[in-house]
Amino acid sequence: MAARDEKKLVLGKIVGLYGVEGWVKLESYSDPRARIFKYSPWFVGSADAMVEYANVKGRTQGKGIVAHLPGVASRDAAAALIGAEIRISRSALSKPKPGEYYWVDLEGLDVFNLEGIAFGKVSHLFSTGANDVLVVRDGERERLVPFVTEQFVKEVDIDGSRIVVDWDAEF
């Protein structure tokens, strides 16, 4: 699969301006947050319209982080990017350890309970602080299943494209 066609995952967002020479303030979802600069290229924009930027320069600045995207040379050009998501190709990530998963790898998997009842597909995940939550959709129906291995998530089979959960079909 070509890099441009490969699945992209959101790693951050442009949230403001820094200075007059095209620098932007970022919100980074990586941990630590400055790790976002280790990935290249960045695909900036929305899922429908992304511009590729290679070799982005950046640094921590006070309590935040700032970046300069190649070709963005003015405050006005940078202002047009506020709100844009920063995505990277899935292949830019290291291989997860056994029993660990990137959220992007779980999206689209079929979800079944222990009785074999199909719940739908994983739409996305979110974190509550206490645990992550699978959002499973089947048409109009949406189920929220805590992503707690052993207790609720019994099996994750990436190759088989399925997740088995210990969850009541009525929830």
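Quickly run through segment 23-56 and pick out the residues that are of a type in the set (Phe, Trp, Tyr) and either exposed (fewer than 15 other Cβ atoms within 10 Å of the Cβ) or outside any strand (DSSP E or B) (or both). Steps first, answer last, please.
Start the filter on segment 23-56 by keeping residues that are of a type in the set (Phe, Trp, Tyr), which leaves 23, 29, 37, 39, 42-43, 53.
Result: TYR29, PHE37, TYR39.
Which numbered condition trips up PHE119, out of (1) in a strand (DSSP E or B); (2) in contact with a helix residue (DSSP H, G or I) (Cβ under 7 Å, 6 or more places away or on another chain)?
All conditions are met except number (2).
Yes or no: segment 1-21 includes at least one residue that is of a type in the set (Phe, Trp, Tyr) and touching a Phe, Trp or Tyr at 6+ places or on another chain (Cβ under 6 Å). Show your work before the answer.
Keep residues of segment 1-21 that are of a type in the set (Phe, Trp, Tyr), which gives 18.
Filter once more, keeping what is touching a Phe, Trp or Tyr at 6+ places or on another chain (Cβ under 6 Å): none.
No, that holds for no residue.
Which numbered condition trips up GLU140, out of (1) among the acidic types (Asp, Glu); (2) without any contact (Cβ under 8 Å) to a residue 60 or more places away in the chain; (3) surrounded by 11 or more Cβ atoms within 10 Å (Cβ to Cβ)?
(3)
Quick one: in segment 6-20, which of the residues that are modelled with pLDDT under 95 and closer than 21 Å to ALA77 by Cα is surrounded by the fewest Cβ atoms within 10 Å (Cβ to Cβ)?
VAL20
Out of everything in segment 57-96 that is assigned to a helix (DSSP H, G or I) and modelled with pLDDT of 95 or more, what residue ends up being surrounded by the most Cβ atoms within 10 Å (Cβ to Cβ)?
Residue satisfying both the conditions and the ranking: ALA78.
Can you say whether LEU109 is buried (at least 16 other Cβ atoms within 10 Å of the Cβ) and either among the β-branched types (Val, Ile, Thr) or under 18 Å from the mean Cα position of the chain (by Cα) (or both), as far as the supplied structure shows?
For LEU109, the condition - buried (at least 16 other Cβ atoms within 10 Å of the Cβ) and either among the β-branched types (Val, Ile, Thr) or under 18 Å from the mean Cα position of the chain (by Cα) (or both) - is met.
Among the residues in segment 120-135, are any among the aromatic types (Phe, Trp, Tyr), surrounded by 14 or more Cβ atoms within 10 Å (Cβ to Cβ) and out of contact with any Leu (no Cβ under 6 Å at 6 or more places or on another chain)?
no
With respect to the numbered conditions (1) in contact with a Gly (Cβ under 7 Å, 6 or more places away or on another chain); (2) of a type outside the set (Val, Ile, Thr); (3) free of Cβ contacts under 8 Å to residues at least 24 places away in the same chain, which one is the sole condition not fulfilled by SER74?
The number of the failed condition is (3).
Filter segment 117-169 down to the residues that are closer than 14 Å to TYR101 by Cα, among the aliphatic types (A, V, I, L, M) and more than 20 Å from the chain's Cα centre (by Cα) and list them by number.
VAL153 - this is the single residue of segment 117-169 that is closer than 14 Å to TYR101 by Cα, among the aliphatic types (A, V, I, L, M) and more than 20 Å from the chain's Cα centre (by Cα).
The values are calculated or read from the model by the stated rules, or taken from the named source; none is laboratory data. Bear in mind the structure is a predicted one, so any value in this text is a computation, not a measurement. All Cβ positions, even for glycine, are placed from backbone atoms using ideal geometry, and neighbour counts span all protein chains on display.
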